[in-house]
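Trainee: Here's a structure for you.
The values are calculated or read from the model by the stated rules, or taken from the named source; none is laboratory data. Only a predicted model underlies this, so the values are computations on that prediction, with no experimental measurement involved. Cβ sites come from the backbone with ideal geometry, for glycine too, and all protein chains shown count toward neighbours. Side chains are part of the model used for accessible areas, which takes the heavy atoms of the whole protein and leaves out ligands, DNA and RNA. Shrake-Rupley method; radii C 1.70, N 1.55, O 1.52, S 1.80 Å.
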Amino acid sequence: MNKYLDIAPQVREALDNNRPVVALESTIISHGMPYPQNVETALAVEQVIRDHGAVPATIAILGGKLKCGLSTEEITYLGKKGTEIVKTSRRDVPVVLSKKMDGATTVATTMMIANMAGVKIFATGGIGGVHRGAEATMDISADLEELASTPVMVVCAGAKAILDLGLTLEYLETKGVPVIGYGTSKLPAFYTRESGFGVDYRLDTPEEVAQAFDAQRKCGLHTGMLIANPIPEAFSMDAARINGAIDAAVQEASAQGISGKDTTPFLLAKVKELTGGESLEANIQLVYHNAKVAAQVACQLCTL
Ligand code: PSU
Ligand code: MN
């Protein structure tokens, strides 16, 4: 047993009894949304998962432990501390653990810890990817490498156009990561249901998604799988409005010389500032929708 791993009792019990579990990340709490909406959303998203028959396991690093399953108090603590908590991707893990620090886990680190604990499905908002201008900056999220090497399914709403979506898809293809449209043949672009890019396959039911993932695992492939679930129609944003804000945010980041791990949080905050509350509400609603689909798939997976 990994001495750093701490699995919450309710998560351990579900895993031991082949009951469905859905992992959730914590960078979305600390760096992805402002307080108090971050805490309200994180708690509500856990409830959505319970309402659909699965056990939620929010993942973070607390006091140098890899935690799989957090209490309400722990989620509130992460939300209140916000960006004071270290955004922890794979390369940050060793020092965060050795110094017994707290860490908010990105998609990459959440997948890694979920896999250590035996959790197969993870729901979030958007993944990191190949940034615009990566030809010069080489800014490619560690999320993509994790999808290439860790057998966990990630249910997301696609990726924000802060990224180069075409290059992100090429990278995932090179790494052998299936990109599945849930009820769509288009790649969703987070705030909007379509991006202009297609996905590899369209699957329409939780059962079909569970079967594809089960086949991937049982034939010995160790890659992850990306399920791109479009934002519900009622909350999708006007493409011109959101893309205008995103373009302005990307320009501002470049003008201010923002780089490295600060890039994504800077862009997320700037887009939010430029679009006001509308983008935050869209963000919250798409996370609920992804949690629901992930819980439904997790239930199906337990029957295979
Ligand atoms: N994209 C979003 N919302 C987010 C993130 C990305 O739309 O909250 C967060 C996730 O935790 C993701 C991380 O794993 O940012 C990617 O950061 P980077 O690009 O530095 O790898
Ligand atoms: Mn980066």
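Trainee: Can you tell me which residue in region 147-184 is farthest from ligand 2 (Cβ to nearest atom), limited to those that are touching a residue at least 60 places away in the same chain (Cβ under 8 Å) and among the hydroxyl-bearing types (S, T, Y)?
Mentor: Our first condition is that a residue be touching a residue at least 60 places away in the same chain (Cβ under 8 Å); within region 147-184, this holds for 147-158, 160-162, 182.
Retained after the next criterion (residues that are among the hydroxyl-bearing types (S, T, Y)): 149-150, 182.
Values: S149: 17, T150: 18, Y182: 26 Å.
The selected residue is Y182.
Trainee: So which of L187, L144 is more than 25 Å from L274 (Cβ to Cβ), crowded, with 22+ Cβ neighbours inside 10 Å and either touching a residue at least 60 places away in the same chain (Cβ under 8 Å) or within 15 Å of ligand 1 (Cβ to nearest atom) (or both)?
Mentor: Numbers: L187 fails: more than 25 Å from L274 (Cβ to Cβ).
After ruling out the rest, the residue left standing is L144.
Trainee: With respect to I121, is the statement that it is within 30 Å of D6 (Cβ to Cβ) and touching a Cys at 6+ places or on another chain (Cβ under 9 Å) true? Full working, then the answer.
Mentor: On the way: within 30 Å of D6 (Cβ to Cβ): yes; touching a Cys at 6+ places or on another chain (Cβ under 9 Å): no.
No: the conditions fail for I121.
Trainee: Can you tell me which residues in region 135-165 are within 19 Å of A294 (Cβ to Cβ), touching a strand residue (DSSP E or B) at 6+ places or on another chain (Cβ under 7 Å) and not in a loop (DSSP other than H, G, I, E, B)?
Mentor: L147, M153, V154, V155, C156, G158
Trainee: Does L70 satisfy being within 30 Å of I258 (Cβ to Cβ), in contact with a Phe, Trp or Tyr (Cβ under 7 Å, 6 or more places away or on another chain) and at pLDDT 95 or above?
Mentor: Values: within 30 Å of I258 (Cβ to Cβ): yes; in contact with a Phe, Trp or Tyr (Cβ under 7 Å, 6 or more places away or on another chain): no; at pLDDT 95 or above: yes.
Considered against the rule, which asks whether it is within 30 Å of I258 (Cβ to Cβ), in contact with a Phe, Trp or Tyr (Cβ under 7 Å, 6 or more places away or on another chain) and at pLDDT 95 or above, L70 comes out as no.
Trainee: So which residues in region 13-24 are closer than 19 Å to M153 by Cα and open to solvent by 80 Å² or more (accessible area, probe 1.4 Å), if there are any at all? So that I can check it myself, show each step before the final result.
Mentor: First, pick out the residues of region 13-24 that are closer than 19 Å to M153 by Cα: 14-15, 18-24.
Of everything in region 13-24, those that are closer than 19 Å to M153 by Cα and open to solvent by 80 Å² or more (accessible area, probe 1.4 Å) turn out to be N18, R19.
Trainee: Assuming A117 fulfils every condition listed in (1) within 30 Å of C299 (Cβ to Cβ); (2) open to solvent by less than 10 Å² (accessible area, probe 1.4 Å); (3) not basic (K, R) apart from one, which condition is it?
Mentor: With (1) within 30 Å of C299 (Cβ to Cβ); (2) open to solvent by less than 10 Å² (accessible area, probe 1.4 Å); (3) not basic (K, R) applied to A117, the lone miss is (2).
Trainee: Just one of (1) open to solvent by 40 Å² or more (accessible area, probe 1.4 Å); (2) away from ligand 1 (no atom under 12 Å from the Cβ) trips up A210, so point out which.
Mentor: A210 satisfies every listed condition except (1).
Trainee: Taking the stated definitions as given, is T223 touching a Gly at 6+ places or on another chain (Cβ under 7 Å), modelled with pLDDT of 95 or more, surrounded by fewer than 22 Cβ atoms within 10 Å (Cβ to Cβ) and not in a helix (DSSP H, G or I)? Spell out the reasoning first.
Mentor: Numbers: touching a Gly at 6+ places or on another chain (Cβ under 7 Å): yes; modelled with pLDDT of 95 or more: yes; surrounded by fewer than 22 Cβ atoms within 10 Å (Cβ to Cβ): yes; not in a helix (DSSP H, G or I): yes.
Yes.
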